[in-house]
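*Asks:* This structure is in structure tokens; I'll ask about it shortly.
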Amino acid sequence: MNKKDILDILKSPDKSLFKEADKVREEHVGNGVHLRGLIEFSNICKMNCLYCGLQSSNKNVERFRLAKDEILSIAKSGVEAGYKTIVMQSGEDSYFSAKVLCEIISEIKSLDVALTLSLGERTYDEYKAFKDAGADRYLIRIETTDEKLYKKMHPFADFENRKRCLRDLKKIGFETGTGCLVGLPGQTVESLADDILFFKDLDADMIGIGPFISHPDTPLASEPNGDFNLALKVMALTRLILPDINIPATTAMETLKENGRLLALQSGANVVMPNLTDVEHKKLYSIYPNKASADRNEVEVMLKRIGRYVADDFGFRKH
Ligand code: 5AD
């Protein structure tokens, strides 16, 4: 598929893409759904992404940072509950030096579980240290490949550095995840086609796509939410273009639309990321308002209903 083919599909009202992506998903990654247990361990962030409720200029957030022991104890209960992957996610919180993180990483890895990190932009040496300490995967969305829009959305960030991070992660040997937001103010369908081509070019191992959801305490408070169907299309097209990768049914999909997670799982997604953090901290991790949650039992019932099941392997990409 070239850019024009992708654009035609993104602009077409035809819904057959979703069925097609579901078929490709079944052929390439099967009916098992990987559950990744998410620990949101710090909402402290030095960045100022315009869309994000956790941006450093938002003074209405009560900030928290879990202690090492708390993180380890949540990870341990996750593994005991059967999770085969733990995901450590946080804002860009400088308190967590590479040294502290590596200690946590190696302790979690001793639990015989796959470990994904989602901690933002770091140096090559830091990423390398995380890998040497045992981390398997790293998530860092490009958010948008439209450089002008990227600059607008991230006033003090450097687009080139974001791409450098992704290249470094690949080079170091991480399973590398990226993705984009759909529906950012000023975003074009053309740039979404470029986003998909970027995922292909990087040969990303995981792609997370979510609609933009307007947060009241941000400069984008009065902007409309992204379009659910368009986000679903970007996700389904990504499945067609990278048939064997892991694609989550993102929380933003479920938050924006009732049954959004189910629709995503039936349109190319094969991963769900339930939250392991306690309710109080979860509430404070408010990237966007009314963030949905995935209750493990509910997810299992839902999967059974659609002929799917919880996979019991680590869920690495099978080329
Ligand atoms: N709406 C939807 N997704 C958001 N993210 C951040 N803010 C929002 C928002 N307002 C996404 C970003 C980031 C991920 C952790 O959350 O894409 O990479």
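The values are calculated or read from the model by the stated rules, or taken from the named source; none is laboratory data. Everything numeric in this text was worked out from a predicted model, so none of it was measured. Methodologically, a virtual Cβ is constructed for each residue, glycine included, from the backbone with ideal geometry; neighbour enumeration extends over all protein chains shown. Just the protein is used for accessible areas: all its heavy atoms, side chains included, with ligands, DNA and RNA removed. Shrake-Rupley method; radii C 1.70, N 1.55, O 1.52, S 1.80 Å.
*Asks:* Pairs only if they're at least six apart or on different chains, beta carbon under 8 angstrom, first in the stretch 158-173 and within 12 Å of Arg141 (Cβ to Cβ), second open to solvent by 10 Å² or more (accessible area, probe 1.4 Å); list them, first residue then second.
*Replies:* Arg162/Glu121; Arg162/Glu143; Cys165/Glu121; Cys165/Arg122; Leu166/Leu202
So that you can scan it fast, the table gives a plain yes or no per residue for (1) without any contact (Cβ under 8 Å) to a residue 60 or more places away in the chain; (2) under 29 Å from Met153 (Cβ atoms); (3) in contact with a strand residue (DSSP E or B) (Cβ under 7 Å, 6 or more places away or on another chain); (4) crowded, with 18+ Cβ neighbours inside 10 Å:
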site: Ser56; (1), (2), (3), (4): yes, yes, no, no
site: Glu62; (1), (2), (3), (4): no, yes, no, no
site: Asp69; (1), (2), (3), (4): yes, no, no, no
site: Ile74; (1), (2), (3), (4): no, no, yes, yes
site: Tyr83; (1), (2), (3), (4): no, no, yes, yes
site: Asp112; (1), (2), (3), (4): yes, no, no, no
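*Asks:* Output yes when any residue across the stretch 268-276 is of a type in the set (A, V, I, L, M, F, W, C) and either open to solvent by 40 Å² or more (accessible area, probe 1.4 Å) or farther than 22 Å from Pro243 by Cβ (or both), and no when none is.
*Replies:* Step one: of the stretch 268-276, the residues of a type in the set (A, V, I, L, M, F, W, C) are 269, 271-273, 276.
Next, only the ones that are either open to solvent by 40 Å² or more (accessible area, probe 1.4 Å) or farther than 22 Å from Pro243 by Cβ (or both) stay: 273, 276.
Yes, the stretch 268-276 has at least one match.
*Asks:* Among Thr178, Thr85, which is the only one that is under 16 Å from Gly208 (Cβ atoms), within 16 Å of the ligand (Cβ to nearest atom), within 15 Å of the chain's Cα centre (by Cα) and among the hydroxyl-bearing types (Ser, Thr, Tyr)? Before the answer, list the steps.
*Replies:* Numbers: Thr85 fails: within 16 Å of the ligand (Cβ to nearest atom).
On inspection, the qualifying residue turns out to be Thr178.
*Asks:* What tally of residues in the stretch 177-222 results from selecting those that are farther than 19 Å from Lys257 by Cβ and either in a strand (DSSP E or B) or without any contact (Cβ under 8 Å) to a residue 40 or more places away in the chain (or both)?
*Replies:* Matching residues across the stretch 177-222 total 11.
*Asks:* Do we find that Val79 is away from the ligand (no atom under 16 Å from the Cβ) and more than 18 Å from the chain's Cα centre (by Cα) in this structure? Walk me through it before giving the result.
*Replies:* Numbers: away from the ligand (no atom under 16 Å from the Cβ): yes; more than 18 Å from the chain's Cα centre (by Cα): yes.
Here the answer is yes, as Val79 does meet what is asked.
*Asks:* Picking from Ile196, Ile209, Ile213, which residue would you name as being touching a Cys at 6+ places or on another chain (Cβ under 7 Å) and either of a type outside the set (Ser, Thr, Tyr) or surrounded by fewer than 24 Cβ atoms within 10 Å (Cβ to Cβ) (or both)? Talk me through it step by step, then tell me what you get.
*Replies:* Details: Ile196 fails: touching a Cys at 6+ places or on another chain (Cβ under 7 Å); Ile213 fails: touching a Cys at 6+ places or on another chain (Cβ under 7 Å).
It is Ile209.
*Asks:* Then there is this: Output the residues belonging to the stretch 152-166 that are assigned to a helix (DSSP H, G or I), open to solvent by 60 Å² or more (accessible area, probe 1.4 Å) and within 16 Å of the ligand (Cβ to nearest atom).
*Replies:* Lys152 - this is the single residue of the stretch 152-166 that is assigned to a helix (DSSP H, G or I), open to solvent by 60 Å² or more (accessible area, probe 1.4 Å) and within 16 Å of the ligand (Cβ to nearest atom).
*Asks:* Among the numbered criteria (1) part of a helix (DSSP H, G or I); (2) closer than 21 Å to Ala311 by Cα, which one does Leu169 miss?
*Replies:* Failed condition: (2).
*Asks:* Moving on. Suppose the filter is within 16 Å of the ligand (Cβ to nearest atom) and either under 30 Å from Leu72 (Cβ atoms) or open to solvent by less than 60 Å² (accessible area, probe 1.4 Å) (or both); does Ser293 pass it? Even if it seems obvious, please write down each step before you answer.
*Replies:* Details: within 16 Å of the ligand (Cβ to nearest atom): yes; either under 30 Å from Leu72 (Cβ atoms) or open to solvent by less than 60 Å² (accessible area, probe 1.4 Å) (or both): yes.
Answer is yes for this residue.
*Asks:* Okay, moving on. I'm checking my understanding of the structure. Among residues of the stretch 229-247 that are open to solvent by 20 Å² or more (accessible area, probe 1.4 Å) and not aliphatic (A, V, I, L, M), which one is farthest from Leu117 (Cα to Cα)?
*Replies:* Asn229
*Asks:* Restricting to the stretch 251-267, and then to whatever is in contact with an Asp or Glu (Cβ under 8 Å, 6 or more places away or on another chain) and in a loop (DSSP other than H, G, I, E, B), can you tell me which residue is surrounded by the most Cβ atoms within 10 Å (Cβ to Cβ)?
*Replies:* Result: Ser267.
*Asks:* Looking only at residues that are in contact (Cβ under 8 Å) with a residue 12 or more places away in the chain and assigned to a loop (DSSP other than H, G, I, E, B) in the stretch 91-104, which one is surrounded by the most Cβ atoms within 10 Å (Cβ to Cβ)?
*Replies:* This residue is Gly91.
*Asks:* Hey, any hits in the stretch 239-250 for a residue that's part of a loop (DSSP other than H, G, I, E, B) and without any contact (Cβ under 8 Å) to a residue 40 or more places away in the chain?
*Replies:* Pass one, the stretch 239-250, residues part of a loop (DSSP other than H, G, I, E, B): 242-245, 247, 249-250.
If we keep only those that are without any contact (Cβ under 8 Å) to a residue 40 or more places away in the chain as well, we get 249.
Yes - at least one qualifying residue is present in the stretch 239-250.
*Asks:* Does Leu17 count as surrounded by fewer than 18 Cβ atoms within 10 Å (Cβ to Cβ) and hydrophobic (A, V, I, L, M, F, W, C)? If you could, list the steps in order and put the result at the bottom.
*Replies:* Numbers: surrounded by fewer than 18 Cβ atoms within 10 Å (Cβ to Cβ): no; hydrophobic (A, V, I, L, M, F, W, C): yes.
No: the conditions fail for Leu17.
*Asks:* Something else now. When you scan the stretch 114-133, how many residues do you find that are open to solvent by less than 20 Å² (accessible area, probe 1.4 Å) and of a type outside the set (Ser, Thr, Tyr)?
*Replies:* Within the stretch 114-133, the subset open to solvent by less than 20 Å² (accessible area, probe 1.4 Å) is 114-120, 127, 130.
Filter again for of a type outside the set (Ser, Thr, Tyr), leaving 114-115, 117, 119-120, 130.
The qualifying residues number 6.
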